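Heads up, the thing below is written out as structure tokens.
The values are calculated or read from the model by the stated rules, or taken from the named source; none is laboratory data. In this text the structure is predicted, and so the values were computed from the model without any measurement. Glycine gets a Cβ as well: all are built from the backbone with ideal geometry, and neighbour counts include every protein chain shown. For the accessible areas, the whole protein counts, side chains as well, though only heavy atoms, and no ligand, DNA or RNA atoms are used. Shrake-Rupley method; radii C 1.70, N 1.55, O 1.52, S 1.80 Å.
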There are 2 protein chains.
Amino acid sequence: MYSLAEENYIKTIFHLQQTKSGAVSTNAIADSMDTKASSATDMVQKLADKKVLSYVKYKGAQLTEKGKKIATRIVRKHRLWEVFLVDKLGFHWDEVHEIAEQLEHIHSTELIKRLDTFLGSPAFDPHGDPIPDEHGNFIKTEKKLLSQLNKSQSGVCVGVKESSPEYLQYLDKKKISIGTKINVLGKEFFDGSMVIEVGRDQFFVSKKIADNLYVQTT
Amino acid sequence: MYSLAEENYIKTIFHLQQTKSGAVSTNAIADSMDTKASSATDMVQKLADKKVLSYVKYKGAQLTEKGKKIATRIVRKHRLWEVFLVDKLGFHWDEVHEIAEQLEHIHSTELIKRLDTFLGSPAFDPHGDPIPDEHGNFIKTEKKLLSQLNKSQSGVCVGVKESSPEYLQYLDKKKISIGTKINVLGKEFFDGSMVIEVGRDQFFVSKKIADNLYVQTT
DNA sequence: ACTATTTTTTAGTCTAGGCTAAAAAATAAC
DNA sequence: GTTATTTTTTAGCCTAGACTAAAAAATAGT
């Protein structure tokens, strides 16, 4: 059994490994956990003793298979609970992260098995992120900003970068929500603006709009 | 916000106050928490500083109104989660305590509000214990052993004392489960055996049977 | 009422996880 | 290839919460 602090470190390292490949530095860990590098070093050394990760001084840490298994179990719990909060309790998808952050540390394999069944074994969470199965396998998807797509590419909306009420209301008005398919019909290289297709509607979006919408390309 | 340890102390003191009235001793707290009296003393002093309870050296602790409010909120959460685990996830009522013990510490008033609605604002948990409302008010019920009832008294089954598979199977066979109404038709003072009525059936139960069944009298 | 026993508190220590400041290694700059 | 700078680690300290052993208060036995 791992402590709350240990689980949070493992999860953070896992997420950092997903984006930047190779070993992750203690500074990177500390930054993304809002703590100090010295604390991260201590914990990384402790987790290395427990064979959760491999650690080379001054080089960084890398989760072992054991560590990855622990991490995916936490991610699985986090995302299943998010589905519960949104689908069953009616939370909006941008309100659930903090609560899931707590729920992901509840220890009970039976609970997760039953929760998964209760929710219909969902493959994605409300933000469009894939939910690992009980063996830790999950569909690897690429999450980009809409602004990174080019003409005639398409993606499915999976989230927003900065969620102000104004922006969310704009999306609402344009009928864009999680799961909405978006086709890029044209892109202006001068200012990065685009013409996109949503359902049967076609319209213009500024770079600012496109810079704050995450899409998933399969 | 209170730490996990603080919440557990507050909850324990609350439960001890329910049974034995008056101040509760640090030893009683330590016993029921599987810790040492010195640890309990330390924590009680800390909680007294925070005005959660009043504490007189060598005399014991008593929750203040503030403390009681905190305690009932935790109890409310615990019992709502138990209803969730049994009603929605299909756990058996004697498997849920440990999990609820973890879930009761999740912090989010919105979550509890929504969970309550989702469950249909239940008044009792799967063990027959009353669930406090959002203001901390709850129906006070008396939970006794079946063997404590006398002739022509009646109660509703709310739990078992020691739950062996054999005993649970016996109850099953006799169609006794949580919520079943039991009338005591006769009681033999010599050996404590009884004749009881369950539904339309009337039958004999030994003292041993009656000693392990909790009933609630309203 | 005085001693013996039990209960409760205090004093001092330990571990987990943080932190700051200083030292050491790695990297960058000439 | 030295020196300067940045990154990372070490050393030492702090707090929460637990523990043990000793002291102090309360209770019981005569």
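Mind checking region B:48-102 for trypsin sites (Lys or Arg not before Pro) that DSSP puts in a loop (not H, G, I, E or B) and that have at most 15 other Cβ atoms within 10 Å?
Details: sites: B:Lys50, B:Lys51, B:Lys57, B:Lys59, B:Lys66, B:Lys68, B:Lys69, B:Arg73, B:Arg76, B:Lys77, B:Arg79, B:Lys88; in loops: B:Lys50, B:Lys51, B:Lys57, B:Lys59.
Answer by residue number: B:Lys50, B:Lys51, B:Lys57, B:Lys59.
Largest GNM mean-square fluctuation across B:His105, B:His97, B:His135, computed for chain B with C-alpha springs under 10 Å, falls on B:His135.
Annotation for B:Ser32, label-to-label distances across the other copies: 4.4 nm (shortest first, one decimal, point 7 Å from Cα along Cα→Cβ).
Starting from the Cα of A:Lys11, draw a straight line to each of the aspartates and glutamates and keep only those under 12 Å, dropping any in the same chain fewer than 8 residues away. Leaving aside aspartates and glutamates fewer than 8 places away in the same chain, those within reach of A:Lys11 are A:Glu101, A:Glu104.
The mean number of Cβ atoms from other chains found within 10 Å of a Cβ in peptide B:84-92 is 3, as a whole number.
Loop-only trypsin sites (Lys or Arg not before Pro) in region A:122-193, please: DSSP not H, G, I, E or B, and at most 13 other Cβ atoms within 10 Å. Could the numbers behind the result be given before it?
Working: sites: A:Lys140, A:Lys143, A:Lys144, A:Lys151, A:Lys161, A:Lys173, A:Lys174, A:Lys175, A:Lys181, A:Lys187; in loops: A:Lys140, A:Lys151, A:Lys161, A:Lys174, A:Lys175.
Passing both the DSSP loop test and the Cβ count: A:Lys140, A:Lys151, A:Lys161, A:Lys175.
Looking at the square roots a ≥ b ≥ c of the eigenvalues of the Cα gyration tensor of region B:4-63, which shape do they give, rounded for a/c under 1.5, prolate if a/b is larger than b/c, or oblate? Since a/c stays below 1.5, the shape of region B:4-63 is classed as rounded.
Largest GNM mean-square fluctuation across B:Ala28, B:Ala123, B:Ala71, computed for chain B with C-alpha springs under 10 Å, falls on B:Ala28.
Sparse packing (at most 16 other Cβ atoms within 10 Å of the Cβ) combined with a DSSP loop state is found for the following chymotrypsin sites (Phe, Trp or Tyr not before Pro) in region A:9-83: A:Tyr58. Spacing of the modelled spin labels on A:Lys143 and B:Lys88, each 7 Å from Cα toward Cβ, amounts to 2.4 nm.
Could you work out the relative contact order of region B:4-63, using alpha carbon pairs under 8 angstrom and six or more residues apart, expressed as a whole percent?
It rounds to 36 percent for region B:4-63.
Summary value for chain B: 15 percent relative contact order, contacts being C-alpha pairs under 8 angstrom separated by 6+ residues. Ignoring aspartates and glutamates fewer than eight residues from B:Lys151 along the same chain, the ones with Cα atoms less than 13 angstrom from its Cα are B:Glu188, B:Glu197.
The helix-only estimate of mean residue ellipticity at 222 nm for chain B, built from DSSP H runs of length n ≥ 4 each weighted as -39500 (n - 2.57), is -12000 deg cm²/dmol after division by the residue total. Legend: residue pairs B:Lys68/B:Lys208; A:Lys208/B:Lys113; A:Lys50/B:Lys77; B:Lys66/B:Lys113; A:Lys50/B:Lys46, Cα-Cα distance threshold 32 Å; pairs beyond threshold, B:Lys68/B:Lys208; A:Lys208/B:Lys113; A:Lys50/B:Lys77; A:Lys50/B:Lys46.
How high is the relative contact order of region A:125-216, in percent, counting Cα pairs under 8 Å that sit 6 or more residues apart? Computed over region A:125-216, the figure is 35 percent. For B:His15 and A:Lys59, the FRET efficiency from 1/(1 + (r/R0)^6), where r spans their Cβ atoms and R0 equals 51 Å, is about 0.50.
Decide, for region B:143-217, between rounded, prolate and oblate: order the square roots of the alpha carbon gyration tensor eigenvalues as a ≥ b ≥ c, take rounded if a/c falls under 1.5, and otherwise choose prolate if a/b is larger than b/c, else oblate. Here region B:143-217 falls in the rounded category.
With a 1.4 Å probe on protein heavy atoms only, work out how much accessible surface A and B bury together, total over both chains, in Å² to the nearest 100. Please report the intermediate quantities before stating the final value.
Working: alone 12760 and 12790 Å², together 23930 Å².
Protein heavy atoms only, the A-B interface buries about 1600 Å².
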